[in-house]
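Take a look at the structure set out below.
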Amino acid sequence: MIDFEADNKNVEKMEAYMKNRFVFLGIRAPDRRKLIQGLMKESKAWSLEELTLQILAYYSRNEREYQYVAIDLAQKNVKRLTVNEVQVLIDLIPIKAWWDSVDSLRKVISDFVKLHPEYFSLISQQFEGHEDFWMRRVGINLQLGYREATNLAYLTKMIMNDQTTDEFFIQKAIGWSLREYAKTDMGWVKTFIKRHDLSKLAVREGLKHLATK
């Protein structure tokens, strides 16, 4: 396994950015990516069993940068993942959860489902009505970038289920999902917002790029 050498000049700033929820080594993202280039290349030759073990091992380490490495490994290998490995990633979402890890895990899961739409129902239903709002955030934003392939019935259901939820990260997610889909169907988004009593945050985020259209 890779062991990063701490860069103390960045630690305080990075920990403060994450509200001091995690311990950091001070390795900035561009530097981390350079340091793990060899690991990423090597991972392509691992069995899926070994890949899963490595992801779990890195994710369990104390410093936040190692959670990022775990997710980087998953993203690098997303095209060869099976639903079994994706389930492991889903189970990681509530662990050490904050927007950085949750949204990065969501990206891997989203990419997998886009590649394998036959698993959409199996995966998406795990987020619906979940007691953990981070899981519901993933469900709301599961289809970011799907454009015409977006399942509007599922998106609508996820938004309406959390329409009045008093949680910043949920309302932000609702706005994010609407803003992204507006790139495909601006009229649908405008009509949806008009017909539903959404939070000011969700509406503001949803319409952010529509003002000049």
Subset of LYS107/LYS200; LYS79/LYS114; LYS107/LYS190 violating a 20 Å alpha-carbon distance limit:
LYS107/LYS200; LYS107/LYS190
Defining a contact as two alpha carbons under 8 Å apart and six or more residues distant in sequence, what relative contact order in percent does the range 1-66 show?
34
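Within a Cβ distance under 15 Å of GLY145, other residues only, what is the Lys/Arg minus Asp/Glu net charge?
On the way: positive: ARG106, LYS107, LYS114, ARG147, ARG179, LYS183; negative: ASP103, ASP111, GLU148, GLU180, ASP185.
Value of the local net charge: +1.
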Treating the Cα atoms of the chain as identical point scatterers in vacuum, please give the log10 of the normalised Debye intensity I(q)/I(0) at q = 0.07, 0.12, 0.14, 0.15 Å⁻¹, two decimals.
-0.24, -0.69, -0.90, -1.01
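Output the relative contact order of the range 3-142, whole-number percent, from Cα pairs under 8 angstrom with separation of 6+ residues.
On the way: 128 pairs, mean separation 23.3, N = 140.
After rounding, I find 17 percent.
Once you sort the root eigenvalues of the Cα gyration tensor of the range 156-206 as a ≥ b ≥ c, which label holds: rounded (a/c under 1.5), prolate (a/b larger than b/c) or oblate (the other case)? It would help to have the intermediate numbers written out before the result.
Numbers: a/c = 1.80, a/b = 1.51, b/c = 1.19.
Prolate.
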Along its three principal axes, how long is the range 77-168 when you only count alpha carbons? Whole Å, largest extent first please.
38, 32, 19
Accessible heavy-atom area order of ASP111, ASP166, highest first, probe of 1.4 Å:
ASP166, ASP111
Could you do me a favour and compute the accessible area per residue for the chain, 1.4 Å probe, result in Å²?
52
Tell me, what is the 1.4 Å probe accessible area of ASP185, in Å² to the nearest 10?
60
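If you average the sequence gap of Cα pairs under 8 Å that are 6 or more apart and divide by the length of the range 78-213, what percent do you get for the contact order? Write out the running numbers ahead of the final one.
Values: 133 pairs, mean separation 26.1, N = 136.
For the range 78-213, the relative contact order is 19 percent.
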Using only the alpha-carbon atoms, how far is helix 83-92 inclined from the longest principal axis of the chain? Give it as 0 to 90 degrees, nearest 10.
90
Which chymotrypsin sites (Phe, Trp or Tyr not before Pro) does the range 1-84 hold that lie in a coil by DSSP with at most 13 other beta carbons within 10 Å?
none
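The values are calculated or read from the model by the stated rules, or taken from the named source; none is laboratory data. Values in this document were obtained by computation on a predicted structure and should not be read as measured data. Note that we place each Cβ from the backbone using ideal geometry, even for glycine, and neighbour counts take in every protein chain shown. For accessibility, only protein heavy atoms count, side chains too; no ligands or nucleic acids. Shrake-Rupley method; radii C 1.70, N 1.55, O 1.52, S 1.80 Å.
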